Amino acid sequence: MKKPTRKNEVRPEDPAEVGGSKPAGESLRESDGIVRDPTARNQAEQALGSTLALYRQIVENAADLVTVVDSEGRLTFANRRAQSAFGFPPDGFMGQLVFDFVHPGDRERTVRWFASTSAAQETEASIENRLVGLDGNVHHLRWICNWQYDTQGQVQRLCTRGSCWVWLG
């Protein structure tokens, strides 16, 4: 049976975080310190975890190709659809230069577009091009791209969504 407690009293079995400090040269008294109930933080962490799981499920199961590219044009994320279309094994895409997959007939134009769009600090832009998967299949895509910049105006990342409208193989 739990013993009743006074207001602001913490029992050892209660979920709490205890912290304290003391001025130099003084000892910490039993009444000095801060007590926080971590319940609200734990609930917020659980809600965030649920939100992230839902986000990942939506992105991973999207019909469109979803990728994230860094400032140099290297892939840092590709959803399952993108991995499948381009023949990547799971996690086999990390660090690949996205321009290496652009069809040779579209590569120069795509590189120029990437450079001019980032130089103009566009936040959203689109491009149509062909990409070649590791299996040699050509994919005609329309990319919607969202550019993110750091505080100095440098490209931080590019989040893309590609819709295939013709498959040639």
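Observations, loosely collected:
- Residue in region 89-110 that is in contact with a Phe, Trp or Tyr (Cβ under 8 Å, 6 or more places away or on another chain), under 18 Å from VAL59 (Cβ atoms) and not polar (S, T, N, Q) present: yes
- Search result, residues across region 122-135 that are at pLDDT 90 or above, surrounded by fewer than 13 Cβ atoms within 10 Å (Cβ to Cβ) and part of a loop (DSSP other than H, G, I, E, B): THR123
Yes/no matrix, rows are residues, columns are (1) surrounded by 13 or more Cβ atoms within 10 Å (Cβ to Cβ); (2) in contact with a Phe, Trp or Tyr (Cβ under 8 Å, 6 or more places away or on another chain); (3) charged (D, E, K, R); (4) modelled with pLDDT of 75 or more:
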| site | (1), (2), (3), (4) |
| --- | --- |
| GLY20 | no, no, no, no |
| GLY25 | no, no, no, no |
| GLU30 | no, no, yes, no |
| GLU45 | no, no, yes, yes |
| SER50 | no, no, no, yes |
| ASN61 | no, no, no, yes |
| ASP64 | yes, no, yes, yes |
| THR67 | yes, yes, no, yes |
| PHE86 | yes, yes, no, yes |
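- Breaking point among (1) part of a helix (DSSP H, G or I); (2) more than 16 Å from LEU141 (Cβ to Cβ); (3) not hydroxyl-bearing (Ser, Thr, Tyr), for ALA85: (2)
The values are calculated or read from the model by the stated rules, or taken from the named source; none is laboratory data. Everything quoted here is computed from the prediction, not taken from an experiment. As a convention, Cβ positions derive from the backbone with ideal geometry for all residues, glycine included, and neighbour counts pool all protein chains shown.
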